[in-house]
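First the structure, in the form of structure tokens, and then the observations on it.
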Amino acid sequence: MTRGDLERFKNMLLERQENLNNWLQTFSPSEDEIRKVRTLLNDIDKALGRVEDKTFGECVVCKGEVELNRLEVQPVRQICLSCITEEERITLEHELTVASRIHRALLPQSYEKIDGFELAVKSIAAGSIGGDYYDILPGVNGSGSRIVIGDTMGKGLPAGLLMANLQGALRIYGEQLDSPAALVSRLNLWLCRNIPVTKFVSLFCARVESSNGEDSKLIYTNAGHPLPILVRENGTVETLDTDGGILGVHEQFTFQEKSVSFSSGDMLVLYTDGITEAENYHGQMFGEIRLIEYIKNRRTEPLDSFLGILLSEIQSFSEKPDLEDDTTVIALRKSL
């Protein structure tokens, strides 16, 4: 934990300590309330001591780091999510399931029309708490639309917490930064400074400059995410790649921005690795080749059925009743 982090948490703890003391002096709490507040004040005193000796944020079980996004909410915690008891995990799972429903409700439930394009999305969490993320953001000052798809390392509790924080940061910075590369660079800086170094995010961001009856433009950047697949109206296949590392690893990473034209009938498919890494009992993965063939063969179908059948094909390939990883896929097609 950096010196800046320690100072920030020290100020947070001192503020909470002051608020609790003021509450005790201002109101007439019951004996039970007084006991609970004094217990919390004692926990805050101990946490301030850990700040001073620079052990704040260290897990007392594994000696690793307690997740920063957890400390932001509960700064007196001393156990990371990997080391909590089964009872605590069940309780937290329940709380985060509720939070996940709220998070899902904040994701796009319907999409404003992108002039000249058809758009469809399917997103399925492997468990009660998903780690995939997608969003459709308006451009700054009405300059087109942004499409974002992301995936956190892992799944379950830590992935859900991280992705919920990512969503908020992305929407705030997205109101200020129109360039996909600038937006992703700022997001990487925020992640590097606010999450443990063992938590990473892959993300693809594209701005769609739409037009009716003419070629449109897609300006994009890729931060370590599976390469989106662009299948032209004539069946030619391209993958959209740029130089840029995964988010949350290094503040100095730079992210390249590229552009590609979009003509009538062209289709772009963005996805998380739950699609291509779906594995059957023989250890074979669905893979990019199968995905490309599926897109080429069905690229003229209505997008909702195109995505629905794709997920059915993947589940049939895996020969398993449920998906084992969070799965998100977005299809964007230039109208004829």
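Things worth noting here:
- Contacts under 6 angstrom Cβ, first residue in the stretch 313-336 being open to solvent by 40 Å² or more (accessible area, probe 1.4 Å), partner assigned to a helix (DSSP H, G or I) and at pLDDT 75 or above, 6 or more apart: D325/G274
- Scanning the stretch 292-301 for residues that are surrounded by fewer than 17 Cβ atoms within 10 Å (Cβ to Cβ) and under 26 Å from the mean Cα position of the chain (by Cα) yields a count of 1.
- Qualifying residue in the stretch 305-314 (condition: touching a Gly at 6+ places or on another chain (Cβ under 9 Å) and of a type in the set (D, E)): no
- Criterion: modelled with pLDDT of 85 or more, of a type in the set (S, T, N, Q), over 14 Å from the mean Cα position of the chain (by Cα) and surrounded by fewer than 24 Cβ atoms within 10 Å (Cβ to Cβ) - qualifying residue of S128, S145: S145
- Annotation note: of I289, I309, the sole residue that is touching a helix residue (DSSP H, G or I) at 6+ places or on another chain (Cβ under 8 Å), among the aliphatic types (A, V, I, L, M) and open to solvent by 20 Å² or more (accessible area, probe 1.4 Å) is I309.
- Residues that are part of a helix (DSSP H, G or I), among the aliphatic types (A, V, I, L, M) and closer than 18 Å to P226 by Cβ within the stretch 281-329 comprise I289, L291, I292, I295, L307, L310, L311, I314, listed in sequence order.
- Close pairs (7 angstrom Cβ cut-off, 6 or more residues apart or separate chains): on the phi < 0 side of the Ramachandran plot and open to solvent by less than 30 Å² (accessible area, probe 1.4 Å) in the stretch 161-175, at pLDDT below 75 and of a type in the set (K, R) anywhere: L162/K199
- For the stretch 8-28, the tally of residues that are within 13 Å of D45 (Cα to Cα) and polar (S, T, N, Q) stands at 3.
The values are calculated or read from the model by the stated rules, or taken from the named source; none is laboratory data. Bear in mind the structure is a predicted one, so any value in this text is a computation, not a measurement. Positions of Cβ are generated from backbone atoms using ideal geometry, with glycine treated the same way; all protein chains shown enter the neighbour counts. Surface areas here come from the heavy atoms of the whole protein model, side chains and all, with no ligands, DNA or RNA. Shrake-Rupley method; radii C 1.70, N 1.55, O 1.52, S 1.80 Å.
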